[in-house]
1. Taking each residue in A:259-266, count the Cβ atoms of any other chain within 10 Å of its Cβ, then average. What number comes out?
2. Given a cut-off of under 8 Å on Cα pairs at least six residues apart, what relative contact order in percent is computed for segment A:599-676?
3. Whole Å is fine, so just give me how far the alpha carbon centre of segment A:424-501 lies from that of segment A:59-105.
4. In vacuum, with every alpha carbon of chain B counted as one equal point scatterer, what does the Debye formula give for log10 I(q)/I(0) at q = 0.13, 0.15, 0.18 Å⁻¹? Two decimals, please.
5. B:Cys12's amide H: which non-local residues (gap 5+, or another chain) put their own amide H closer than 5 Å, with H modeled 1.01 Å from N in plane and none for Pro or chain starts?
6. Rounded to two decimals, what is Rg over Rh for segment A:56-230 when you use alpha-carbon atoms and the Kirkwood radius?
7. Tell me what chain A gives for mean residue ellipticity at 222 nm when only DSSP H runs of n ≥ 4 count, each as -39,500 (n - 2.57), the sum divided by the residue total, rounded to 500 deg cm²/dmol.
8. Which aspartates and glutamates have a Cα lying under 12 Å from the Cα of A:Lys15, excluding residues fewer than 8 positions away in the same chain?
Amino acid sequence: MRIFCKYIMRTMLEKKARLVLLLFAITLSTALFFASLGLTDLIVESVSRPIVEKTEEHHIRIVSETGDSFFSADDIVTAGIKSHTSSIVLPGVIQNLDHEIVTLHGRTWDSLSPYTFVDAPSEDSFSGSSAVISVRVAELFSLERGDALEVLFAGETHTLHVSGIVGNQGVFYGDTNRSFDVIVPYGYLAETLEVEGLYNHVTAVMGEDSLDASLVLFNEMNPDFRGIPLYNEDFVASMVNQQVNALYFMLVFIILVSGVIIHGAFKLIVTERRRVIGTFLSQGATKGTIRGILLAEGFVYGLVGGAFGILLGIGMLYVLHDYSSPLRAYGVVEPFRFAGALVVYAGLFAIGFAMVSALSPVIRSVRREVKNIILDIREPQRKKGALLFVLGTLLLCGSALLSYVSPPTAIDYAPFVMLSAIIGVLMVYPRVLDFLISLFFRRILPVFRLTALSIQNVRTSAALRGNITVIVIAAISVVTVVSLSSSMVRIVTDAFDSMRFDIYVHNIQTNDPGSRRTIMDTLREDERIVGESLMETTSVEGNVAGEFAIAEGIEPGRFDDFTDYIDFTHGDGNLLDALENAEERNTVIATTTAARLGLDVGSAVDLDFNGIVQTYTVTGIVDVRLWNTRDMFFVNLANLREDHHIDHGRIYFDTHENPETLVDELQDYFRNFGGIVQTRDEARDINIENNRQLSRMLSAFSLFAIVIGSFGALNNMFISCLQRKRDFAVLESLGTHQGQRNRILLTESLFCVVFALVVVVLYGNFHARLIGQVASFLLLPMDITFSLVEIFPFLLASIAIYTLATLPLLVKTRNLNVIEEMKIE
Amino acid sequence: MKNDMKKASDPCIKVEGLKKTFVNGTVTVEVLKGLDFTIAPGEFVSIMGPSGSGKSTLLYLLGALDTPTAGTVQMNGRNLHSMRGREKSRLRRTELGFVFQFYNLVPNLTVEENILLPIILDGKPLKMYKERLDELLRIIDMEDHRKHTPRKLSGGQQQRVAVARALIFDPGVLLLDEPTGNLDSKNSESLMRLVADINKTFGTTIVQVTHSDTFSTWGDRILHLEDGMFSD
Ligand SMILES: Nc1ncnc2c1ncn2[C@@H]1O[C@H](COP(=O)(O)OP(=O)(O)OP(=O)(O)O)[C@@H](O)[C@H]1O
Ligand SMILES: [Mg+2]
């Protein structure tokens, strides 16, 4: 059989266009697969690298079991940890530059030993109100030793003097021109805050192999202290995962399009070779060997396309990596790394994908009786169309039934339901097309003759029908992205419209009750502000049952009036009433949280925020919609302040004046605290913009689907034209001219794309519902509506793209040689 | 013989100094090396010759499907190869009929529609051709199959439909390239009888390429093509 292999090798390279298309489809699918796989790690890495650096590779934070934020570190037993660093960490705002946010670290001279000074300061110079800054900050603000920094912290402005400049290591790693870190002598901060001998930030290097083991050991040996993870890797990962899941979802469309293309290409491959296959069979080859060799061909395509795909994927990741490095503007880009296993996964994917897509044509290639293959005799075909139609109808009806009758089940299996609906559509439409054409062909023939003939061609040419499939999938991906994006915008808009406030202040950089009280008093006294409209909330991230969770601290009496977005009414009462008394430590939780953590009304739950654990009672469960998609706990703001020592937050209020002018004036005041002031419209627009990023990524994917799709479609058009060359030659001999032939080809393309779009539009409403259910599956419960108006520009664009793709075909068929075509091979 | 009289009138096809050369890269094949001949209206001519001698090439040149390297082909006094594309298409549609070895019918169209295809492409009202259609269906003995698609027909039947399709516009000239090449002897004979009938009833000029000694004698004249030249 070596000869057959040789023959295949030669033919593989012979048809260049097809080779390129096959490799293109496999390459792009593999690249996107690879990039999607790598993206999670990449983003987690790019977010956590600076954290690892900034924490000086400490993993454990040690807090006092008593819940005091300042405590003595003297009695810490070094078990489960290697070494620990104690310091005071405080937020502050620079007053004499441009209100940059600073983090002050009160430390001892010894703890500075890992840092490299650009000059050689002595221990003596590190005393009193002296400050060590990074080279980057020194350069950004042209600071030198001896220069003064006016810093507002602990409610007052203090003057620090630069006494040392060090490299951008450790805590200085993430310094930017908006916020940076400063190390000051411990003694100075402790004295200013009157907390001598006490610390609020104690971190340690883990002593065991794993973080968990280290924590268990430490906590066992230190009854007065508690070790907690310094930062939450799961949190970063879970944030990223949701977006990456959406990408996987879009990847399905690309894989579908590519699969259809590869499948089509292989169909053609085996048709073209049927005589050769017959010859080889007549020479004693078995069906198994023929199949094996054809599949091996798929393997080779997978291997080569996979290799290109991995390279392209690495390229994509590299660009994304560069793009996602937080300190890119300062020339700091994290080293580019990806797990070697990804290469293996992507390689296996490419090969498996190519072989699976090729499987059915390959199996069918030698299904006929050997004698019939050799003589190239067609066996009466089973009515496959009807069977497909029935199966497709079942799939469609099944998914519709599930989706409409039992939404919760549909959501559990949403991706499968959607996939089977799409596959159902793809299986059903050919029969419908067949039926429609046979119904109308004879009626339109006398009037629109060429049009009728062209449409008839679509019915007979498998390649052209393959085009419809490709266009349908690509168009569904567009519908998905457009509907999803516009729904996200609508949801954000709705959420903001449901909140009653004119102005919003957030990002306040002080965790000190004094400063907070001063701010609130100032606002209360301001006559331009509606006093009773002032409302505070606080969101903090923490741990519940080892999972990442969010506490939303609210004013129970005010919050329900503040927003309609979440419906807290429960019977005659209101769920938030139970939070009124902060002493009781009650919490209202999100429906999804209750389900995930197995909590119910009455359950007790330990909430760990800011390293302080308190037991709360669940008094209500509420659908928070998209307020926050993580695990959510509404608690009384006072609980967060008193029990967990969290004093920063957001402030909302109404004004009697024009919000925009007031925002400008207030911004100056809040700059002192690092706070950002926005009108509702601004806040909404920024929020929408943040959401757009995801839709942009998704759009990129659907663009890929369209690009692969139009290449595939062009290829199919060529194939169908090649297969019908002789028919065209006959038409030529019957007196058609080039203009008529072009009209036929154009009408065919146009009909394919229009028919495909009609299919998608008809399916659109159901699809929108399914997208909504997939979104719920991805924990983004939202209503998706299908709007023809929104889709319309994309429909027109698709028609234009696919019609344009026909043009090369017209050029190519210009010099049709009738004699050549009429020759008998 | 009867062609004595026809030869007196103007020739239907007049070929002068016809040369055809194919250039394939560096290889030049001189297929037709300067042919001169005329065919009278209503004449039935068979072209014979070994494989590769240029028979098909010649037929395609007569049918305005290809352009000569040198020389001219005139049909009813008009030079085919000085015509513009559309004119040629019109000529092929209305004055010439072509039948190939493979029947080449459009699969999903009925027998009727296949025969009417040139009219469909031309844009003339189909009704005008109803009688012509019925007549042709009768001649090719396919009246009972008019609504059938080609799939259900035998090779011989399909080829007869192809002949009818070539005749729908009542062209003056019918060109056939090995029309019986794919048929068994019984079907071949009935097709040739059909062609001879057409020649008689409509007075259509027939030029056929054939390998069959028997069928070549059915016509008025045999042209032997060998090595790009006629041999006698
Ligand atoms: N497009 C082409 N390019 C190059 N050579 C060609 C081309 N078409 C035909 N030929 C050559 O011209 C010669 C005559 O071909 P033609 O098809 O006319 O032969 P034929 O007499 O019809 O043969 P057959 O009886 O086998 O059908 C052959 O040698 C063939 O190889
Ligand atoms: Mg020939």
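Readers should treat all values here as calculations from the given coordinates under stated rules, not as data from a laboratory. Just so it is clear, the model here is predicted, and its values are computed rather than measured. So basically every Cβ, Gly included, is an ideal-geometry build from the backbone, and we count neighbours across all protein chains shown.
1. On the way: counts 0, 0, 0, 0, 0, 0, 0, 0.
Average per residue, whole number: 0.
2. Numbers: 45 pairs, mean separation 16.2, N = 78.
Once divided by the residue count of segment A:599-676, the mean separation gives 21 percent.
3. Comparing the Cα centres of segment A:424-501 and segment A:59-105, I get a distance of 60 Å.
4. Results for chain B at q = 0.13, 0.15, 0.18 Å⁻¹ read -0.78, -1.04, -1.42.
5. Long-range HN contacts for B:Cys12: B:Ile39, B:Ala40.
6. 0.99
7. Numbers: 25 runs with 471 residues, N = 825.
Calculated from helices alone, the mean residue ellipticity at 222 nm is -19500 deg cm²/dmol.
8. A:Glu272
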